[in-house]
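Everything on this sheet refers to the single structure shown next.
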Amino acid sequence: MFEYLKGKVISIYNSYVVVDICGIGFKVYFINNSLLKKNSENLIYIYHHVSENQSILFGFLDPDIKNLFSSLIKVKNIGVKTAYLILNKYDINFLYELVENNDELLLKIPKVNKTNIEQFKKAILKNKGSRIDIDILNSEIVILLRNLDYKIEDILKIYDKIDKDKNINDQLKIALKFLDGGI
């Protein structure tokens, strides 16, 4: 139903944030909310979970983590709350390493057991190839361009062409030239 929300983070709590969009406060359970700053404008990718008795928004800065979340909830015995806990507790690269090394530690992850471990591994590895570096997504230039309504796909195409040693104004000028087809 929702793909993303773009708004100002008004409050940050342990497990969720409140995002103001046109005067309406949306409660969003956020994976790794330490990446957000109060009163900052953000584009937050949303997974909207609806069940008989609840409607919950889960937020992600990285669309690949949202996709990983969506894959995890399809694993037998892992629902939205468990997937949220897993992604909040474990670094994504750590999960990849565990899966690739077939480590017994996988069985210590909540709700992962011998009956669903193969399904869990497939869910993790399915998303590895498309993973975007979180440092790139949180770089100042990417955030500026996202706030100017450029699509993340377009930004990532030109990201390597930007000289990060230059000041942010020069980086922005170069990025805009690339994005607007001037170079």
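The values are calculated or read from the model by the stated rules, or taken from the named source; none is laboratory data. None of the values given here were measured: they were computed from a predicted structure. Ideal geometry is used to build each Cβ from the backbone, glycine not excepted, and the neighbour counts take in all protein chains shown.
Within the range 75-97, is there a residue that is assigned to a loop (DSSP other than H, G, I, E, B), of a type in the set (Val, Ile, Thr), at negative phi and surrounded by 12 or more Cβ atoms within 10 Å (Cβ to Cβ)? Within the range 75-97 (the criterion being assigned to a loop (DSSP other than H, G, I, E, B), of a type in the set (Val, Ile, Thr), at negative phi and surrounded by 12 or more Cβ atoms within 10 Å (Cβ to Cβ)), the answer is yes, since at least one residue qualifies. Scanning the range 49-62 turns up one or more residues that are out of contact with any strand residue (DSSP E or B) (no Cβ under 6 Å at 6 or more places or on another chain) and surrounded by 15 or more Cβ atoms within 10 Å (Cβ to Cβ). Selection of the range 150-183 for residues being in a helix (DSSP H, G or I) and over 14 Å from Ile136 (Cβ atoms) yields Ile168, Asn169, Asp170, Leu172, Lys173, Ile174, Leu176, Lys177, Phe178, Leu179.
Among the criteria (1) farther than 24 Å from Lys89 by Cβ; (2) crowded, with 17+ Cβ neighbours inside 10 Å, the one Phe30 does not fulfil is (1). Residue count for the range 54-74 under the criterion of being under 17 Å from Asn116 (Cα atoms) and in a helix (DSSP H, G or I): the result is 5.
Screening the candidates Leu57, Leu72, Leu87, Leu106 for the property of being among the hydrophobic types (A, V, I, L, M, F, W, C), out of contact with any Cys (no Cβ under 9 Å at 6 or more places or on another chain) and closer than 30 Å to Asp160 by Cα yields one hit, Leu87.
Going by what's in this entry, would Ile24 be described as exposed (fewer than 13 other Cβ atoms within 10 Å of the Cβ) and either at pLDDT 95 or above or at positive phi (or both)? Walk me through how you get there before you give the answer.
Details: exposed (fewer than 13 other Cβ atoms within 10 Å of the Cβ): yes; either at pLDDT 95 or above or at positive phi (or both): yes.
Yes; evaluated as a whole, the condition is true for this residue.
Residues in the range 33-44 that are closer than 19 Å to Tyr90 by Cβ and either among the aromatic types (Phe, Trp, Tyr) or surrounded by 14 or more Cβ atoms within 10 Å (Cβ to Cβ) (or both): Asn33, Leu35.
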